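Structure first, commentary second.
The values are calculated or read from the model by the stated rules, or taken from the named source; none is laboratory data. From a predicted model like this one, the values you see are computed outputs, not experimental measurements. Note: ideal-geometry Cβ built from the backbone for every residue, glycine included; neighbour counts use all protein chains shown. Remember, those area values only see protein heavy atoms, side chains included, never the ligands or the DNA or RNA. Shrake-Rupley method; radii C 1.70, N 1.55, O 1.52, S 1.80 Å.
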Amino acid sequence: MNKIQEIIARVMGIKEVKEDASPETIEAWDSFNQIMLVSELETGFGINFTMDDIQKLGSYKQIKSLLESKGVFK
Amino acid sequence: MVSLNEYIERSKKLIPKPGKPIKLALLSNFTIKWFEEVLRVLCSEHSIAAEVYTGGYNQYAQELINQDSKLHNFDPDMVFLLLDTDKFLGEQYQFPYRLNPAQRKTLIETEFNGLKKLFSKTGSIIIVNSFLIPSFSPMGILESKQEFGLKESIEYLNKLLRDYAKQNPKLFVYDFSSFAAKHGHKARASKLDFMADMKLDPELVPALCKEYMGYILPVASKSKKCLVLDLDNTLWGGIIGEDGLEGIKLGPEKEGLPFLEFQKRILALFERGVILAINSKNNSEDALNAIRNHPYMVLKEEHFASMRINWNDKVSNMKEIAKEINIGLDTLVFLDDDKLNRSLIREMLPEVTVVDLPEDVSKYPELIEELNQFNSLQITKEDLNKGKLYAQQRKRNVFEKSSSNIEDFINKLNMEIKVSRANKFNIPRISQLTQKTNQFNMTTKRYLEEQIKELANSEDHLVLCCDVKDRFGDNGITGVIIIEKQKSAWLIDTFLLSCRIIGRQVEDTLINYLLRLARQSGVKTLKAQFIPTKKNAPASQFYKSFGFRLAEENSKMQLWELSTDTEPRFNKNLKLMEE
């Protein structure tokens, strides 16, 4: 697992995070854990998301492409 | 720092503590999440069985008013109330200047009365966060000129709360402004606020919960009583056995300063009733020499209730300390720079709270500020009596700060100076002052009790002492003057003041008195010696500033003179009395 997957796994309390991970596939991915995830990603990658960014963090793939576009994750 | 996520993980693995649980409830007007998990972990770390209830979103008022609410069914021991100022005041916060000052004041008082009514609905201990004062104002730079402006009205609300809490032993106001000052803008998270009405960044939940532990520990009777300290690299830098008295780092400059500040913070704890003890591996003689004789040692033998300075293992020392003071091991907090010692105590005596000293010594003083294990819900009479003299001094300092200038401070102190001739009651103290006083001491002549007695009985000497009282209390005998009566002049052989009363014009009043006394005895000239030492620089300018003329000077001493016809400098706010 990469760093993003590790953070998702930790926040959601699960062992494995697949490519299709999203609130639809992971039961614990509720609105509070979404906030926790934002906070953990910010700390983990040393960045600050804007309100617009946060709308785009709805799945593992979205998180990955947003972080890539910000140049912090390759 | 343990992250919020880690607290959540730990909370899942908690083993319930035995005993009747303490019940904690959290109420707020915004989304509060994860306090429950963190509080349960923190309580468990202190062996407290705890149950936590989080009130419904923005339901704080209903939960308190409705006697059938989940809150009342839960029957909490303690209620923590977190109120966001913006949401609480609503329009008055956002558009304060639609109202006139009188309306703003009335509204604040109405809100306060509403809170009082809510508080009365529960018998629990209530901890309410003070209302955060915004950093902005629609008035911009004119905010501070507004009559009962936005910020002033929130300050007023906080003051009403604090005043009410002073009369109500079950209500505590947590200073949330200090929390925000320490943690910055995250104490008011904007992004998450818009997303989830979360006014506090989740990252800060552990920090706020730790603050709340300061209230929970005394309620659960888990407050700590005694701070057990190591010596080398803890109270001073370096190792006394190797570096010696001159080599250890402790003092008002650079690398000695963190240790000096650290000791001052610890002394402040002592003065509010925290017991101090030493547990150190050292040659007892070396360490005691440092404690007794190092000029910058703030903590002295008299502050320690128990001292174990030896080569025994720290675990047995710790047990002996608890036994000697007659308190439980679970009331001890241990501070040691050595990781091994800390893990040894953690392992062998898990009841003892072990605090990690930071690697960086500049963080030492801060560590003491953050210890909140010593809280009590009230300060007992005994605590207060212990630090009586200190308390007076504290009050004086506060008063000094609140005075517009030093003149104003002195005039309002209502000082009374009582001058007495040496007698059998005050001679021991007079001698002691000549032995101990270094700063405001013109000649630093040391006299034994017997010598003072002789001088006092001699025809050609005059031995005086003074007692200084003010509105805060009696400083006791704090000044000494010894006069040698010469043929045509009086020579001030000794003139000293305890550092407690320096800088309050007592010196002027005393010289003034001497001039009058000399004049009345037909003496024309008052002479005064000044012998410089390493420590009496504070006194070096005094005679000159009072108008004395330098008559003689050599490398070891100066001789000053003043005619007794001089129009004396006089502050009539200082009362002088002769016994």
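How large, in percent, is the carbon and sulfur part of the accessible surface of the stretch B:7-116 at a probe radius of 1.4 Å?
49
Among DSSP beta bridges lying fully in chain B, give the percent that are antiparallel, nearest 5.
45
Longest segment of chain B with no chymotrypsin sites (Phe, Trp or Tyr not before Pro) in a DSSP loop having at most 15 other Cβ atoms within 10 Å?
Working: sites that count: B:Tyr57, B:Phe136, B:Trp311, B:Phe425, B:Phe570.
Longest stretch, sites excluded: B:137-310.
Below 14 angstrom from the Cβ of B:Asp508, what's the summed charge of the other residues (Lys, Arg +1; Asp, Glu -1)?
My count for the surroundings of B:Asp508 gives +3.
Let me understand chain B better: what is its radius of gyration from the alpha carbons, and its Dmax, in angstrom?
Both quantities, over Cα of chain B: 30.1, 93 Å.
I need the P(r) histogram for the protein assembly as shown: all alpha carbon pairs, bin width 10 Å from 0 out to the longest distance, whole percents.
With 10 Å bins starting at 0, P(r) equals 3, 12, 17, 18, 18, 14, 9, 5, 2, 1, 0.
Residues of the stretch A:1-22 losing 20 Å² or more of accessible area relative to the isolated chain, 1.4 Å probe, heavy atoms only?
Residues of the stretch A:1-22 that lose at least 20 Å² of accessible area once the other chains are added: A:Arg10.
Could you check what % of the DSSP bridge pairs in the stretch B:160-318 are antiparallel, to the nearest 5?
On the way: 1 of 12 bridges.
DSSP beta bridges in the stretch B:160-318 are roughly 10 percent antiparallel.
Relative contact order, percent, of chain A when contacts are C-alpha pairs under 8 Å separated by at least 6 residues?
Values: 60 pairs, mean separation 23.2, N = 74.
Result for chain A is 31 percent.
Apply the Karplus curve 6.51 cos²θ - 1.76 cosθ + 1.60, θ = phi - 60°, to the phi angles in the stretch B:449-454 and return the couplings in whole Hz, x for Gly and Pro.
Along the stretch B:449-454, the couplings run 3, 4, 5, 4, 4, 4 Hz.
At 37 °C and 0.692 mPa s, grab the translational diffusion coefficient of the stretch B:28-97 from Stokes-Einstein with a Kirkwood Rh over Cα pairs, rounded to a whole number in µm² per second.
237
Can you give me the long-range amide H partners of B:Ile22? Hydrogens built in the peptide plane at 1.01 Å from N, cutoff under 5 Å, separation of 5 or more residues or another chain.
Amide H neighbours of B:Ile22: B:Ala49, B:Ala50, B:Glu51.
How tilted is helix B:257-271 with respect to the longest principal axis of chain B? Cα atoms for both, answer in degrees (0 to 90, nearest 10).
It works out to around 80 degrees.
From Cα pairs below 8 angstrom and at least 6 apart in sequence, can you work out the relative contact order of chain B, rounded to a whole percent?
It comes to 8 percent, rounded to a whole number.
Can you compute the FRET efficiency between B:Glu302 and B:Lys424 using 1/(1 + (r/R0)^6), with r the Cβ-Cβ distance and R0 = 30 Å? Round to the nearest 0.05.
Given R0 = 30 Å and the Cβ-Cβ separation, E is 0.65.
Given a Förster distance of 22 angstrom, what is the FRET efficiency for B:Ser563 paired with B:Lys445, based on the Cβ-Cβ distance and rounded to 0.05?
Efficiency, rounded to the nearest 0.05: 0.30.
Which of the residues in the stretch A:33-74 show a loss of at least 50 Å² in accessible area from their chain by itself to the complete set of protein chains, at a probe of 1.4 Å?
Hits at the 50 Å² cut-off: A:Ile35, A:Met36, A:Met51.
Report, please, the projected area of the stretch B:165-211 averaged over directions, based on the convex hull of its C-alpha atoms, in nm².
Its Cα hull, projected and averaged over all orientations, spans 4.0 nm².
Along its principal axes, what span do the Cα atoms of chain A show, with the longest given first and each in whole Å?
28, 23, 19
At 1.4 Å probe size, with every protein chain present, just tell me what the per residue accessible area of the stretch B:108-150 comes to in Å².
49
Quick one: if the Förster radius is 56 Å, what FRET efficiency do B:Asn283 and B:Asp163 give, using the C-beta to C-beta distance and rounding to 0.05? Could you put the intermediate results ahead of the total?
Working: r = 54 Å, r/R0 = 0.96.
In this case the efficiency is close to 0.55.
Taking the 0 to 90 degree range and rounding to the nearest ten, how far is the long axis of helix A:60-69 tilted relative to the main principal axis of chain A, both from C-alpha atoms?
With both axes taken from Cα atoms, the answer is about 10 degrees.
With labels modelled as points extended 7 Å from the Cα through the Cβ direction, what inter-label distance (nm, one decimal) is found for B:Glu366 paired with B:Ala102?
Distance between the two pseudo-spin positions: 5.0 nm.
Counting other Cβ atoms within 10 Å of each Cβ, which GluC sites (Glu not before Pro) in the stretch B:145-251 have at most 14 and sit in a DSSP loop?
Hits after loop and neighbour filter: B:Glu147.
So what's the back-of-envelope 222 nm ellipticity for chain A, counting only DSSP H runs of four-plus at -39500 (n - 2.57) apiece and dividing by all residues, rounded to 500?
Mean residue ellipticity, 222 nm, calculated: -16000 deg cm²/dmol.
For chain B, take the longest principal axis of its alpha carbons; what is the angle in degrees between that and the long axis of helix B:388-402, to the nearest 10 within 0 to 90?
Once rounded, one gets 80 degrees.
Could you compute the net charge surrounding B:Glu143? Neighbours are other residues with a C-beta less than 15 Å from the C-beta of B:Glu143; K and R count +1, D and E count -1. Please list the in-between numbers first.
Values: positive: B:Arg104, B:Lys145, B:Lys151; negative: B:Glu147, B:Glu152, B:Glu155.
Counting the neighbours of B:Glu143, the net charge comes to 0.
For the pairs A:Lys15/B:Lys191; B:Lys412/B:Lys436; B:Lys117/B:Lys210; B:Lys170/B:Lys264; B:Lys182/B:Lys210, flag any whose C-alpha to C-alpha distance is greater than 21 Å.
From the list (A:Lys15/B:Lys191; B:Lys412/B:Lys436; B:Lys117/B:Lys210; B:Lys170/B:Lys264; B:Lys182/B:Lys210), the Cα-Cα distance tops 21 Å for A:Lys15/B:Lys191; B:Lys412/B:Lys436; B:Lys117/B:Lys210; B:Lys170/B:Lys264.
For chain B, what does the helix formula give at 222 nm: sum of -39500 (n - 2.57) over DSSP H segments with n ≥ 4, over the residue count, nearest 500 deg cm²/dmol?
Working: 24 runs with 236 residues, N = 579.
That comes out to -12000 deg cm²/dmol.
For chains A and B, what's the summed buried accessible area, probe 1.4 Å, to the nearest 100 square angstrom?
What A and B bury together is about 1300 Å².
Apply the Karplus curve 6.51 cos²θ - 1.76 cosθ + 1.60, θ = phi - 60°, to the phi angles in the stretch B:545-554 and return the couplings in whole Hz, x for Gly and Pro.
Along the stretch B:545-554, the couplings run 5, 7, x, 5, 9, 6, 9, 8, 8, 9 Hz.
Quick one: compute a quarter of the convex hull surface over the Cα atoms of the stretch B:1-139 and quote it in nm².
In nm², the orientation-averaged hull projection of the stretch B:1-139 is 10.3.
Take every Cα pair under 8 Å in the stretch B:1-56 that's 6+ residues apart, average their separations, divide by the length, and report that relative contact order as a whole percent.
46
Have a look at the stretch B:474-574 and give its Rg and Dmax from the Cα atoms, expressed in angstrom.
13.4, 39
Tell me, what is the per residue accessible area of the stretch B:185-231 in Å², probe radius 1.4 Å?
On a per-residue basis, the stretch B:185-231 sits at 32 Å².
Counting DSSP beta bridges with both partners in the protein assembly as shown, what percentage is antiparallel, nearest 5?
Among the beta bridges of the protein assembly as shown, antiparallel pairing accounts for roughly 45 percent.
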